[in-house]
Amino acid sequence: MPRINTPKSNHKGPAPLPGGHQYLPYTDWSYLHTLKRAIHIIDTRIRDNAGCNASFKALPGGRTFAQIWTDKSVWINFDPSKQDGDYGATRGSDTTITAFSLMRGHWTVAATLIHELAHVNGAPGNTHQAEATLKSCLLPGLEDPTIIGKLLLSPNTRRLA
């Protein structure tokens, strides 16, 4: 499974871009617990699923989900953002899961991780490819058909960046 950025890991995630996501260690026990529950779901139900692996294999990176999941260069970081609709981000092999996603529970975190790992495997940020993997990865009820890249929320409408 991807490695989790904790204070003991000494991993330095990417520096945030101006106004961008942070790639910090997990220091809050409750968030780490939620993340580990999501990881357990992926390990026991999703990692070896043939449909999920085929869906990932079709992405530009050409690796299966299991290959991405067991890649030791992939990191899961923490982002303290609680902004509505902000679930996570990816830069290279570093993913980050926001406090907003973590507060929504382990199923949302599992879906967010799969989405972000699709970006690690080359899914572009300007298409629905990463989010569409949820259907093949046994989480069709968590797929949001409006997510393409970053979802922007305004007080009255949802629009995409």
Diffing region 40-56: the Karplus 3J(HN,Hα) column from phi (6.51, -1.76, 1.60, θ = phi - 60°), in whole Hz with x for Gly and Pro, holds 4, 4, 5, 4, 8, 10, 10, 3, 9, 6, 4, x, 5, 5, 5, 4, 5
Local electrostatic count, W29, Cβ distance below 15 Å [Lys/Arg +1, Asp/Glu -1]:
+2
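Pull up the DSSP beta bridges for the chain and report the antiparallel fraction as a percent, rounded to 5. Please report the intermediate quantities before stating the final value.
Numbers: 8 of 15 bridges.
Antiparallel bridges: around 55 percent, rounded to the nearest 5.
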Provide the gained length on full extension for the span R3 to S73, in nm with one decimal, where the gain is 0.36 nm per separating residue minus the Cα-Cα distance.
24.4 nm
Using a 10 Å cut-off on Cβ atoms, rank the peptides 17-28, 57-68, 101-112 from the highest mean neighbour count down.
101-112, 57-68, 17-28
Working from the alpha-carbon coordinates of the chain, get Rg over Rh, Rh being the Kirkwood radius.
0.93
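Laboratory data are not the source of any read-out in this text; all were calculated from the coordinates shown. If you're wondering where the values come from, they're calculated on a predicted model, not measured in any experiment. Quick reminder, even Gly has a Cβ in these numbers, built from the backbone with ideal geometry, and neighbours come from all protein chains shown.
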